[in-house]
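Data block below; observations after.
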Amino acid sequence: MSETMIQMARRAARCAEEIKKHKEIQLVSHIDADGISSGAIIAKALERAGIGYEMLFVKQLDETIVRDLADTNPELTIFTDLGSGQIGHITGYGLNAIVSDHHRPQGDMDLHLNPHLFGANGSFEISGSGTTFILANQLGNNRDLADLAIVGCVGDMQYRKYGKLVSLNREILEGNPSFIIPKTDISLYGKQTRPVFKMLQFSSDPYLPGLSGNEDACVDFLHRIGLRSSNDEKWRRWIDLTEEEKVRVTSSLLQYSVQKGISSYNINRLVSECYLLLQESEGTEMRDASEYATLLNATGRYMQAGTGMDVCMGDREEAYEDARRLLYEHRRNLVEGLNFVKDKGVIELSHLQFFDAGSSIPETIVGIVAGMSHASNNRHLPIVAFADKEDGHKVSARGTQELVNRGLNLSEAISQVCREIGGAGGGHDIAAGATVPFGKKEEFIEKLNSIIASQITGPGIDPKTDSTVR
Ligand code: C5P
Ligand code: C5P
Ligand code: ZN
């Protein structure tokens, strides 16, 4: 076990001592895949320890929510996958609380479990579900929940930096091989549940010019390499192919990508590490960490996080059926969102590119759309999206590892702009978000552009053309 893991477990043990003093606990978590898995991990651990809980999912934590919570006077509140940015309000309103989070902390308190406090980076070394897994294992033996811990960090795309999970995430993965294992495979989404041609058609990361978004071209591509289902009525899923067929498709796709002049950066990303949940049935979304995470996002991002949580808690009937229906709609929304960006285009400034989705893309998924459309846009500029929200303009920003290596820190840049013009935001170096006051879009984007300009130093490699950019 690494020194960091030992130190975090020690802090978690102190948190667990506090938890054991209570009979009924208020849980508060984030509505995305990481937040839902975090919520389920702590809820299961409490259930097993015979402790009651009340669950609350929120889009983001702000002063009003903390104040409203304090008004209900809970014995103990556990915040998972959020809270570190609101330590001031949590202590200010006198909440007896534990925070298990991985966002950049603003302030500190006693029962605060966050990798940044132990010298680790919460954008790729461990996520909220990981810190909560460490906490759960101080309450009892909850190692079987390692699969949910991995679903959460995959949902937060923590494998992206190195093309695989590393550091504390890796320790959780490799320490629990009876529940979750890595497998090197094609990286496209939908290996468990989608026909192979659909998997190609909906590929957005990496984006495959000529195939992504074009059903006929994908069917043709598979025919040309001799891949047909034995009965023609239904194309097989990736998991139904033989090993030889998988190799054939993968190598043909690699060859195709080279012919199409796709960057080596994107070609390398066609094959990556995937994570299989051994306690789940093959052919279901829950078998693959990435599909599981998308299923959870499809619930939480539409204010149905309770449904996702029920799936995590083991419901494979009603909640699972509901989640699958939501997934269908979520996928449709993502396709519509991507088409919107493609049709409308992005506006490029010197140090960022942006689009305004208005009310065309729900603000809860505009960040996902921004991230996905980044693959087919200019990757040497961060992408910023606006969407309408009831209390202001929602902003979502996404960078690349290359830009982060050159100094980009979206979380800091966005926080700084918010301090100057109002609004609240935060997140990570590579991905951040905010809500800014009505009427401040132009000012926001101009200021963000100049802060990013001051962050980025030195020449970099444009992953799209593999050439040096300044
Ligand atoms: O709130 P939270 O920390 O869960 O969100 C993290 C966000 O960062 C996710 O939306 C994820 O897609 C994004 N991310 C990214 N690229 C990375 C790491 C995270 O876009 N390399
Ligand atoms: O909402 P979006 O997916 O763009 O969020 C990207 C990252 O920014 C997430 O880690 C999220 O928790 C964070 N964020 C934040 N404050 C906001 C909006 C997003 O810290 N107001
Ligand atoms: Zn998270």
Subject >> Pick from the range 314-332, criterion touching a residue at least 12 places away in the same chain (Cβ under 8 Å) and open to solvent by less than 40 Å² (accessible area, probe 1.4 Å), ranking: farthest from the chain's Cα centre (by Cα) >> reply: Ala319
Subject >> Residues of the range 290-309 classified as touching a Ser or Thr at 6+ places or on another chain (Cβ under 6 Å), open to solvent by 10 Å² or more (accessible area, probe 1.4 Å) and either among the acidic types (Asp, Glu) or more than 17 Å from Arg332 (Cβ to Cβ) (or both), total >> reply: 1
Subject >> Meets criteria (in contact (Cβ under 8 Å) with a residue 40 or more places away in the chain, in contact with a helix residue (DSSP H, G or I) (Cβ under 6 Å, 6 or more places away or on another chain) and outside any strand (DSSP E or B)) for Gly407 >> reply: yes
Original post:
So is Val247 farther than 30 Å from Asn378 by Cα and surrounded by fewer than 17 Cβ atoms within 10 Å (Cβ to Cβ) or not?
Top reply: yes
**OP:** Test each condition in (1) over 18 Å from Phe79 (Cβ atoms); (2) within 13 Å of ligand 3 (Cβ to nearest atom) for Asn137 and report the one that comes out false.
**Re:** (2)
Original post:
Mind checking whether some residue in the range 326-343 is assigned to a loop (DSSP other than H, G, I, E, B), away from ligand 2 (no atom under 16 Å from the Cβ) and over 27 Å from Arg104 (Cβ atoms)?
Top reply: no
Subject >> Residue under evaluation Gly371, criteria (1) within 16 Å of ligand 3 (Cβ to nearest atom); (2) modelled with pLDDT of 95 or more, criterion not met >> reply: (2)
Original post:
Which one of these is within 16 Å of ligand 2 (Cβ to nearest atom) and under 17 Å from the mean Cα position of the chain (by Cα): Ile87, Ile126, Ile150?
Top reply: Ile126
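For the range 48-151, please list each of the helices (runs of 4 or more DSSP H) lying entirely inside it that holds at least 1 residues being under 21 Å from Asp310 (Cα atoms) and open to solvent by less than 40 Å² (accessible area, probe 1.4 Å).
Helices (runs of 4 or more DSSP H) meeting the threshold: 128-139.
The values are calculated or read from the model by the stated rules, or taken from the named source; none is laboratory data. Everything quoted here is computed from the prediction, not taken from an experiment. Note that we place each Cβ from the backbone using ideal geometry, even for glycine, and neighbour counts take in every protein chain shown. Quick note on the areas: whole protein, heavy atoms, side chains included, nothing else; ligands and nucleic acids left out. Shrake-Rupley method; radii C 1.70, N 1.55, O 1.52, S 1.80 Å.
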